[in-house]
Amino acid sequence: MNAPLFPLGQVVATPGAMEAASGPLHFLALLARHVRGDWGCIDPEDAETNRLAVVEGDRVLSAYAIDPERPCAGFGENCLWIITEADRSVTTILLPEEY
C-alpha cells in the first residue's frame, strides 16, 4: 500500500453523503484511496490536475461509485466526491449536487 500523499485535515461529510453511503467503513475505504492517489472515476485530465495539486498544494478532488456494482461517471447519480482543500485543513465527502 502506498504512503499518504497529503494530509486530509478535518474530515467531514454532508448529510446527503452520509445517507447515500453504506456506513463509516465505506467512507474509510474511499478516504484511503483518495489520500494515496487513487482518484476513482475521474478523467485522465482531472487525474493530472490532482497529481499537480499534490505537488503544488492545490485542491484535490476524487470521485467514487456509491455502489461499485453500478457505473459511475465521476458526477451525477451513483457518485460521491471527496475534496481536500488546498490548505489541507479539511476534506469533505459529498454528493456532486451538494457542491
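Mind listing just one residue for me: the one in segment 1-18 that is aliphatic (A, V, I, L, M) and outside any loop (DSSP other than H, G, I, E, B) and, of those, nearest to Gly57 (Cα to Cα)? If you could, list the steps in order and put the result at the bottom.
Let us first name the residues in segment 1-18 that are aliphatic (A, V, I, L, M), namely 1, 3, 5, 8, 11-13, 17-18.
Subset that is outside any loop (DSSP other than H, G, I, E, B): 11-13, 17-18.
Details: Val11: 18, Val12: 20, Ala13: 22, Ala17: 25, Met18: 27 Å.
Only one residue tops the list, namely Val11.
Can Arg70 be described as of a type in the set (Lys, Arg) and closer than 16 Å to Leu5 by Cβ? Write out each step before concluding.
Values: of a type in the set (Lys, Arg): yes; closer than 16 Å to Leu5 by Cβ: no.
Taking the combined requirement at face value, the residue does not satisfy it.
Within segment 31-53, count every residue that is assigned to a loop (DSSP other than H, G, I, E, B), out of contact with any Cys (no Cβ under 8 Å at 6 or more places or on another chain) and open to solvent by less than 50 Å² (accessible area, probe 1.4 Å).
Final tally of qualifying residues: 3.
Filter segment 62-77 for residues that are open to solvent by less than 30 Å² (accessible area, probe 1.4 Å) and in contact with a helix residue (DSSP H, G or I) (Cβ under 9 Å, 6 or more places away or on another chain); which is modelled with the lowest pLDDT?
Only one residue tops the list, namely Gly74.
Got at least one residue in segment 22-45 being closer than 15 Å to Tyr99 by Cβ, under 13 Å from the mean Cα position of the chain (by Cα) and modelled with pLDDT of 95 or more?
yes
The values are calculated or read from the model by the stated rules, or taken from the named source; none is laboratory data. All values reported here derive from a predicted model rather than from experimental measurement. Cβ: placed from backbone, ideal geometry, glycine included. Neighbour counts: every protein chain shown. Only protein heavy atoms, including side chains, enter the accessible area calculation; ligands, DNA and RNA are left aside. Shrake-Rupley method; radii C 1.70, N 1.55, O 1.52, S 1.80 Å.
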